[in-house]
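Let me begin by presenting the structure, written as structure tokens, before commenting on it.
The values are calculated or read from the model by the stated rules, or taken from the named source; none is laboratory data. Model, not experiment: these values are computed from the prediction. Reconstructed Cβ throughout: ideal geometry from the backbone, glycine too, with neighbour counts over all protein chains shown. When the accessible area is computed, the model is the full protein with side chains, heavy atoms only, and any ligands, DNA or RNA have been set aside. Shrake-Rupley method; radii C 1.70, N 1.55, O 1.52, S 1.80 Å.
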Amino acid sequence: MPIEKRWVVKPQGDPATAAMLAAALRISPVLANLLVQRGIDTVEKAEKFFKPSLADLHDPFLMKDMEKAVERVERAVANQEKIMVYGDYDVDGCTAVALVYKFLRQIGHKNLMFYIPDRYTEGYGISIKGIDLAARKGVGLIIALDCGIKATEKVVYAKTKGVDFIICDHHLPAEEIPKAVAVLDPKRVDCSYPFDELSGCGVGFKLVQAYAQKNRMPFEQILPLLDLLVVSIASDIVPLVGENRILAYFGLQQLNSNPSLGLKTIIKISGIDKEITINDIVFRIGPRINAAGRVESGRKSVELLTADEKCSAAGIASDINTFNDQRKKLDHDITEEAIRHINQSELEPSKKTTVLFNANWHKGVIGIVASRLTESFYRPTIILTESNGLATGSARSVEGFDLYYAISQCSEFLENYGGHKYAAGLTLKIENIEPFKQKFERIVRETIDDEMLTPQINIDAKIKLTDITPDLYHMLQKFAPFGPNNTIPVFMTEKVTNFIGTKRVGRNNEHLKLVIVDDTRACNDRSGIGFGMGHLYDK
């Protein structure tokens, strides 16, 4: 049976402001309230929201170190110096590497290579192995994307090998900033860039934009790269507001009208035959790009995203689809095994946490498994497997609970950990799993609010069935692209009763089809479907 959920109505917008917007924009009060809830409280802001413009992108030179970064790239290009484009093995990292690599190739730089570290032998971020390879290959400059902000010692090591670094990252920096030629990260405390929620690929794009701007290249020349950028924005779950919303809006246009060969091939193999949305990227395109890094190597994904020959693109896409099928099977099998273990344990139901270890589980999918178990049992969850003689794992939290804090309180048992409030990674000795598990359970039990252990449905507003009109539906489409901080609106209607035509439907009568009315009873009956609710027919 599904877990019962709490319904929580979000704070409503200021009524006077909503009324003003409804009148000025000639939209319904329901829509005006949605705008105010999203911080859109003037007509000017609303017009920018409904009609994103590339003219509203920020000047890339407002980002700390951008001048230095562009000058160093210009010098490398002018001298035909070998450049390595280096990035993480997830979607954000792979799209970032592809975007910068394609741009450098576009401006005629041929002395070029890219590098994606191996998830299993090198792990996340800048690796000594990657730097050593760069030095052997005669690389003078590494452009690191979606990683590097904490690679202080690695940057120093690279310098001894004659290799410079430009870092393009979006993660929180430590107190010490690496001594690279340039460190582009809008989250730097000394960076005054107006928007600090860019993806890693977004920071890479700002470097490209700055180079193009300084060299008087029209923006239209870099516009085609936005198809890669929207894939990173959607997949990395960054807030879809401000500059991200503009970039995603035009990126979706590019993805739908004229995607690059690599993305076109992924779209085809994903079976998408309609207008592509953020959801399509999150659930169909992104997982295929991610699958290569989870099952084999993220390098395959970059090869596909930078492909310019149909035959090679089709072959790589077929491989990636195979990796995705393998990833799905691994994910499914491990999740089923973990659920069986929890259900068979007498102690598990009373616990506030889930911590499971199995040395044979595949490292590439344990983050997905942790997410699935969090959804199923709705409690802070850590899934561990063995890697290089240590237990390594992924942790996921429930809404409102600071998982990172709870893990940090158990640091005496950990070799390494990192992450944020809702997701983290950790490494520990296998013999420390049991004491860690016990302390983690105690810390969570002492700090979690029991309400947090019940999932909630966040409702934007209460409406009447008469509010549901074709005009409302069509205007809601203009709120897209949807994502964090601009989620698809959820409404609730109260005092709804069954009217006529209720019946069970589906192959096994598992769904409930009904017609409902609310208390206005003003010829406003609506048909509805209750998926998996056939058992409620007698009610």
- Query: Regarding the stretch 79-174, what is the average projected area of its C-alpha convex hull, in nm²?
  - Reply: 5.9
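Determine, from the Cβ-Cβ distance of N508 and Y120 and an R0 of 45 Å, the FRET efficiency 1/(1 + (r/R0)^6), rounded to the nearest 0.05. Before the final figure, lay out each step's value.
Numbers: r = 42 Å, r/R0 = 0.94.
Result of the calculation: an efficiency of 0.60.
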- Message: Only four residue types carry charge here, +1 at the Cβ of Lys and Arg and -1 at the Cβ of Asp and Glu. Report the dipole size of the chain about the Cα centre in Debye, rounded to the nearest 20.
- Response: 920
- Per-residue HN-Hα couplings for the stretch 298-306, Karplus 6.51 cos²θ - 1.76 cosθ + 1.60 at θ = phi - 60°, whole Hz, x for Gly and Pro? x, 4, 4, 5, 5, 4, 6, 5, 10
- Looking at the stretch 22-70, which trypsin sites (Lys or Arg not before Pro) are in a loop (DSSP not H, G, I, E or B) and have at most 10 other Cβ atoms within 10 Å? R26
- Task: Give me the Debye-computed log₁₀ of I(q)/I(0) at q = 0.17, 0.20, 0.23, 0.26 Å⁻¹ for the stretch 466-539, equal point scatterers on Cα only, no solvent, two decimals.
- Result: -0.83, -0.96, -1.03, -1.10
- Task: Heavy atoms only, probe 1.4 Å: what % of the accessible area of the stretch 1-42 goes to carbon and sulfur, would you let me know?
- Result: 63
- Message: Between I339 and D538, what's the calculated FRET efficiency when r is the beta-carbon distance and R0 is 30 Å? Round to 0.05.
- Response: 0.55
- Write out the trypsin sites (Lys or Arg not before Pro) in the stretch 162-225 meeting two conditions: DSSP loop, and at most 11 other Cβ atoms within 10 Å of their Cβ. K179, R216
- Item | In order through the stretch 449-454: 3J(HN,Hα) via Karplus (6.51 cos²θ - 1.76 cosθ + 1.60), integer Hz, x for Gly, Pro | 7, 4, 4, 5, 8, 10
- Query: Which value in nm describes the separation of the simple spin-label points at K187 and R26, placed 7 Å from the Cα toward the beta carbon?
  - Reply: 4.5
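Out of all Cα-Cα pairs in the stretch 233-352, roughly what percent, to the nearest whole number, are more than 20 Å apart? Mind dumping the intermediate values first?
Numbers: 3766 of 7140 pairs.
For the stretch 233-352, the fraction of Cα-Cα distances above 20 Å is 53 percent.
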- Item | Whichever lysines have a C-alpha closer than 22 Å to that of K154, once near sequence neighbours (fewer than 8 apart) are set aside | K64, K68, K82, K129, K137, K179, K187
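Express in nm, to one decimal, how much length is gained between N258 and T322 on full extension, taking 0.36 nm for each residue of separation and deducting their alpha carbon distance. Walk me through the intermediate numbers first.
Values: separation 64, 0.36 × 64 = 23.04 nm, distance 2.55 nm.
Additional length available on full extension: 20.5 nm.
Summing +1 for each Lys or Arg and -1 for each Asp or Glu, what net charge is found among the other residues whose Cβ lies under 13 Å from the Cβ of K310? Please report the intermediate quantities before stating the final value.
Working: positive: K264, K268; negative: D308, E309.
Every neighbour counted, the sum reads 0.
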- Rounded FRET efficiency, nearest 0.05, which uses the C-beta distance separating F499 from H171 and R0 of 41 Å: 0.20
- Task: Mind jotting down a quarter of the surface of the convex hull over the alpha carbons of the stretch 104-259, in square nanometres, one decimal?
- Result: 10.1
- Task: Find which of A24, L62, G108 sits farthest along the positive direction of the dipole of the stretch 1-136, computed with +1 on the beta-carbon of Lys and Arg, -1 on that of Asp and Glu, about the Cα centre.
- Result: G108
- Query: Once the principal axes of the Cα atoms of the stretch 395-509 are found, what is the range along each, listed largest first in whole angstroms?
  - Reply: 61, 36, 30
- Task: Please calculate how many Å² of accessible area the chain carries per residue, with a 1.4 Å probe and no DNA, RNA or ligand atoms counted.
- Result: 47
- Query: Cross-link partners among lysines for K439, C-alpha distance below 23 Å, same-chain residues fewer than 8 apart left out?
  - Reply: K351, K352, K421, K429
- Item | Along each principal axis, Cα extent of the chain, largest first, Å | 76, 61, 47
- Query: For the stretch 386-539, which whole-number percentage of the solvent-accessible area (1.4 Å probe, protein heavy atoms only) is attributable to carbon and sulfur atoms?
  - Reply: 51
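Rounded to a whole number, what % of the accessible area of the stretch 72-137 do carbon and sulfur atoms account for, probe 1.4 Å? Working shown, then result.
On the way: 1190 of 2380 Å².
On the stretch 72-137, the fraction of accessible area on carbon and sulfur atoms equals 50 percent.
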